[in-house]
Amino acid sequence: MLDKILETSNYVYNNAKYVKIDLSEIKKVAKSINCENLAHWLSFNPFGLLDLDINDIINFLVIFDSIDCSFWGNPKWTIETKEGKIDGAFALMYCLLNLRNQKGHLDFEQISFEEFSECLKGNIDIPLLNERYKVVKSISEIINKKMVGNFYNYIKNITNDIELFNIIINNFPSFEDTRDYNGKTIYFYKLAQLLVSDILHIREIKEKLPVDYSHLVGCADYKIPQVLRNLNIVKYSSDLEYLIDNKKEIEENSIYEIEIRASMIVAIDLIKKEIKDVTAIDVNDAIWSLGQNKTLMSKPYHLTRTMSY
């Protein structure tokens, strides 16, 4: 299934009306990216995550990554901590780790909506609160029934991305991430790929295991397309540019959204081909990290409300 992501993204890009890639900029950016000393984002041990046992980390990540999506808004969902205000994925991680530390586990099968909502309490309700609640309950129920309550034990003998990815998408319907373009199914699976990458990187760090994540491709979200646009790699048509620059919401499964996501995956692959001995997910992470420097991001990201990213 992983091979279908790049294959169908290329199909979209080859037929795209609203998004183009500047190949000359691909070469320039590839020369500026240093992938030799890349550190996975979780290796920085946010909020003491890596201090947990590997069993607890993996069981935490399957819940966290399943709802690590769609944080944009005006105002943006933000939480207060002793260190100050945080938002986005790090705020979600902070909240879930707090709950996990209080309860000693992160089994959501019996959790009430009120308890879940309280866990994520911020300045406003987190977007898609009800949908996130349904996802974490569903995942916990599946793990309890099919995996004897422990996802790590279920996958601990798997150290390659293809097998792990297939287990995730075949067991957890909430990770479904496809679109329809010209009557053809387009595969993205952003969150499933993110979970695979996080699990394998963490196992590499914590357990010193040889792992293989070389088959993963770009994780199509809203931050990386923003970075690629600011780097002049992707160019949008005037009408799509107008919508994004004026922060107009773009509908999920629209041609605009599909072409943005597909072109991102194609661009990541093209950059990877310009750099020796690097995986697409490494390039993906390097581009994502550039997006954390808000001073470089003069052009905004596209707004699509979705549980996919």
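The values are calculated or read from the model by the stated rules, or taken from the named source; none is laboratory data. Not measured: the values here are computed from a predicted model. When we count neighbours, we look across all protein chains shown, and the Cβ atoms used for this are built from the backbone with ideal geometry, even at glycine. What goes into the accessible areas is simple: the full protein's heavy atoms, side chains included, and nothing from ligands, DNA or RNA. Shrake-Rupley method; radii C 1.70, N 1.55, O 1.52, S 1.80 Å.
Expressed in Å, the radius of gyration and Dmax of the Cα atoms of region 1-96 are 18.7, 50. In the context of the full set of protein chains, residues of region 35-125 present 48 Å² of accessible surface per residue (probe radius 1.4 Å, heavy atoms only). Can you grab the distance from the C-alpha centre of region 27-82 to the C-alpha centre of region 122-142, Å, no decimals? About 18 Å separates the Cα centre of region 27-82 from the one of region 122-142. Computed from the C-beta positions of Ser298 and Leu52, the FRET efficiency with R₀ = 25 Å rounds to 0.05. Estimated from helical segments only, the mean residue ellipticity of the chain at 222 nm is -16000 deg cm²/dmol, where each DSSP H run of four or more residues counts as -39500 (n - 2.57). Looking at the chain alone, DSSP beta bridges between its own residues are antiparallel in about 85 percent of cases. Distance from the Cα centre of region 168-190 to that of region 205-279, in angstrom? What the calculation gives is 16 Å, centre to centre.
For the chain, the residue among Asn284, Pro75, Leu228 whose Cα projects farthest onto the positive side of the dipole built from Cβ charges is Leu228. Put Met297, Met93 in order of accessible area, highest first, and with a 1.4 Å probe you get Met297, Met93.
What does the charge add up to near Asp65, with Lys and Arg as +1, Asp and Glu as -1, over the other residues with Cβ less than 13 Å from its Cβ? Counting the neighbours of Asp65, the net charge comes to -2. Just the protein heavy atoms count here, and of the accessible area of the chain at 1.4 Å, carbon and sulfur take up 47 percent. For the pair Lys17 and Ile124, label points projected 7 Å from Cα toward Cβ lie 3.2 nm apart. Taking a span of 27 Å or more along the helix axis (Cα atoms) and a mean Kyte-Doolittle hydropathy of at least -1.0 as the rule, the DSSP H helices of the chain that qualify are 255-274. Around the Cα centre of region 1-159, unit charges on the Cβ atoms of Lys, Arg, Asp and Glu (plus for the first two, minus for the last two) sum to a dipole of about 460 debye. Note on the chain: GNM, Cα springs under 10 Å; of Gly122, Gly48, Gly88, the largest mean-square fluctuation is that of Gly48.
Surface exposure of region 162-309, expressed per residue as accessible area with a 1.4 Å probe, stands at 40 Å².
Of Val29, Val135, Val266, the residue with the greatest mean-square motion in the GNM of the chain, using alpha carbon springs below 10 Å, is Val29. If a spin label sat at a point 7 angstrom from the Cα of Asn45 along the line to its beta carbon, the backbone N atoms of region 165-205 nearer than 20 Å would be those of 198-205.
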